[in-house]
Each structure stands twice: as C-alpha cells, then as structure tokens.
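**Q** Following this message is one structure expressed as structure tokens.
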Amino acid sequence: MILSTSERRGSARERLLARLLDAFGEALPPPEMSLREVAARIESSHALLRYHFGSLSGVLAALLKAQRSRDNEALLEAARQGTFDDVVLSIWRTYTRPEQLSRARGFFYVVGLAAYGPEAFREFVESLDDLTAVLSSLAEREGLGTKEARETADVTIAAIRGLLLQEVLTPGTCSQDAVALILRMRRGRSDTRSRGER
C-alpha cells in the first residue's frame, strides 16, 4: 500500500508526538526552551519539529491536546460511574496535583497565544470543549434540560479554569472548598429555578 504525502506526514507527526510524550511525560517543555533544545531532547531535528508543528507553541499545543486526551479517558470513566459533582471534583484533583503545575502553566500560556491567533491553534481550541460536553451530558442525566445543562457545564468549566489560573499564579490559595462552593452555587441555582417553575 502506498501512502499519500499527507498520510506519511501524519504518521511522522504522530511518531514525533509519541517521542515528545515519552520525553516530557506529564510535563511540558518550558516556553523559554528553544525548539532546537526540544528536538535534541527527543533526538530529532528542529526542522522536523518546525515542519510538523510549526513552532514551539505548536509543539506545546499538540502535547497538551494529547495529554488532556489521556486525562479525559480517565475522567470519562468517572463520568460513567459518578455524578456531576464527582466528575467536577475529579477534574479539579487531576489538574491541581503538584506534578501538573508545569502543564497548567503551559495550558494558560497556549490559551493566551490562541487568544491572539485562534486559527493557528484551531485543533487545540476545538479540544477545549470536551470536558464541557461530558459535564453537560451528566447534568442532563441528572434532570436538567439541554440548554440549562450546557450553560451549567460552561460556567462550571469556566470557574474551574479561573480557579486553576489563580492556583498557577498564587499556589496554595485555592482549595477543594472553592470547588465545593461552585457545586453548591450550581445546586442553589437549579433549586431556585425548579421552585420558580412550579
């Protein structure tokens, strides 16, 4: 079987991404690390990385997407067996572990770059909706209508990301109590809406 140029490029990109994941594990290369240094770490050339990922920012975005995808597999399993609240707490625990701090910093770095050039980070930006979809589905399963479930999931993910940013900027200031407060506010809003509809 003869592979097209795009298929060969895709498989080479995937092999490079696998090597990056092996080299950096759950962390990310710091933004001050050059593309040449990243290439040396995976015993490749910076020209190959530039060809397949565009820049160091492209490498970071691809790594984050792959790492988040792995995390989401575990979170999806929790969603199958747990409640909305259980999954929210799992998300918070997953991303606030001390070994995740480098990745959380990298996440906000790439998000900042994507804010200025979303088209260059389209694949990464599109992947940001995955946890919102999971939470929305859980909220519907727990009795909310489709629109309210989606809004609840959007606000919850936004609040978690805001707390995570605060944790990155001032470590130790956020606690699981802050996430519990988000969940109480969510329940209060749903309870109030239900009473108003009666």
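The values are calculated or read from the model by the stated rules, or taken from the named source; none is laboratory data. Keep in mind it's a predicted model, so treat the numbers as computed, not measured. Methodologically, a virtual Cβ is constructed for each residue, glycine included, from the backbone with ideal geometry; neighbour enumeration extends over all protein chains shown. Ligands, DNA and RNA are stripped out before the accessible areas are found, and what is left, the full protein with its side chains, is counted by its heavy atoms. Shrake-Rupley method; radii C 1.70, N 1.55, O 1.52, S 1.80 Å.
**Q** Given just the C-alpha atoms of the range 1-108, how large is their convex hull per residue in cubic angstrom?
**A** On the way: hull volume 13.3 nm³, N = 108.
Once divided by residue count, the hull of the range 1-108 is 123 Å³.
**Q** Normalising by the residue count of the range 41-195, find the relative contact order in percent from Cα pairs under 8 Å and 6+ residues apart.
**A** 22 percent
**Q** Then there is this: Any idea how far the Cα center of the range 111-148 sits from the one of the range 28-81, in Å?
**A** 20 Å
**Q** Mean separation of Cα pairs under 8 Å and 6+ residues apart, divided by the residue count of the range 6-97: what relative contact order is that in percent?
**A** Contact order relative to length: 22 percent.
**Q** A further question follows. At 222 nm, what value in deg cm²/dmol follows for the chain if DSSP H runs of at least 4 each add -39500 (n - 2.57) and the sum is divided by all its residues, to the nearest 500?
**A** Working: 10 runs with 154 residues, N = 198.
Taking each H run of at least 4 residues, the total per residue is -25500 deg cm²/dmol.
**Q** Give the residues of the range 76-93 whose amide nitrogen is closer than 16 Å to a point set 7 Å from the Cα of E99 in the direction of its Cβ.
**A** 93
**Q** Cut-off 10 angstrom, C-alpha nodes, Gaussian network model of the chain. Which of V168, V88, V155 fluctuates the most?
**A** Of the options given, V155 has the highest mean-square fluctuation.
**Q** Next question, about the same structure. Given springs between every Cα pair under 10 Å in a Gaussian network model of the chain, which of E43, E77, E32 has the largest fluctuation?
**A** Between E43, E77, E32, it is E32 that shows the largest mean-square fluctuation.
**Q** Per Stokes-Einstein, at 37 °C and 0.692 mPa s, what whole-number D in µm² s⁻¹ belongs to the chain, with the Kirkwood radius over Cα pairs as the hydrodynamic radius?
**A** 177 µm²/s
**Q** When the accessible area of the chain is computed with all protein chains present and a 1.4 Å probe, what percentage of it is carbon and sulfur?
**A** On the way: 6160 of 11150 Å².
Within the chain, the accessible surface is 55 percent carbon and sulfur.
**Q** Given 0.36 nm per residue, what is the gain on full extension from S55 to R184 after removing their alpha carbon distance, in nm?
**A** 42.2 nm
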